[in-house]
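The values are calculated or read from the model by the stated rules, or taken from the named source; none is laboratory data. The structure displayed is predicted, hence computed values, not measured ones. Neighbour counts run over all protein chains shown; Cβ positions are idealised from the backbone, glycine included. Accessible surface areas use protein heavy atoms only, side chains included; no ligands, DNA or RNA. Shrake-Rupley method; radii C 1.70, N 1.55, O 1.52, S 1.80 Å.
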Amino acid sequence: MKDSYWKWFDNEQYYHSRLCDIFFIGFQENLSEDFDLLKLKLGLPKSLELPTDDIQAHKNPEHLDKTLEERAIENLKNWYKQDYAFINLCKGIAERINKLS
């Protein structure tokens with residue numbers, strides 16, 4: 001949380017220069033689908049699955065109130081502004097990077 005993704009990639013030019021070194025890009029919001037694609041790329045058994053138990057999957061209970069005030073949301077968006085830009089770059093190339101060879 002303290003460091004931006006840019007700590008590893010420095011800037012957009014360097015990020016693009018390293019695209020050939022990126023094997024896979026996955027996203028939390030598509031975790032199950034991305035995991036299935038990653039298994040294919042790695043040649044892992046189809047039977048391999050992510051944990052579904054909330055504790056093993058490190059999930060918060062469904063009933064937990066995760067509501068944030070508008071000010072808190074704006075503060076987080078501002079704090080992670082550069083990371084949002086990095087994630088958008090990744091989303092722009094994920095399909096190309098993740099395709100099966």
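Can you find even one residue in the range 63-77 that is in contact with a Gly (Cβ under 9 Å, 6 or more places away or on another chain), of a type outside the set (Lys, Arg) and either open to solvent by 90 Å² or more (accessible area, probe 1.4 Å) or on the phi < 0 side of the Ramachandran plot (or both)? No - not one qualifying residue is present in the range 63-77.
Taking the listed residues 2, 41, the one that is loosely packed, with under 10 Cβ neighbours inside 10 Å, over 16 Å from the mean Cα position of the chain (by Cα) and of a type in the set (Lys, Arg) is 2, with no other qualifying. Of the helices (runs of 4 or more DSSP H) contained entirely in the range 3-81, those carrying at least 2 residues that are among the charged types (D, E, K, R) fall at 31-42, 70-79. Among the residues making up the range 27-59, a single one is touching a helix residue (DSSP H, G or I) at 6+ places or on another chain (Cβ under 7 Å) and closer than 17 Å to residue 84 by Cβ: 27. Of all the listed residues (57, 72, 94), the sole one being of a type in the set (Gly, Ala, Ser), in contact (Cβ under 8 Å) with a residue 40 or more places away in the chain and closer than 27 Å to residue 3 by Cβ is 94. Scoring residue 85 on the criteria (1) open to solvent by less than 90 Å² (accessible area, probe 1.4 Å); (2) part of a helix (DSSP H, G or I); (3) in contact (Cβ under 8 Å) with a residue 12 or more places away in the chain leaves a single failure, condition (3).
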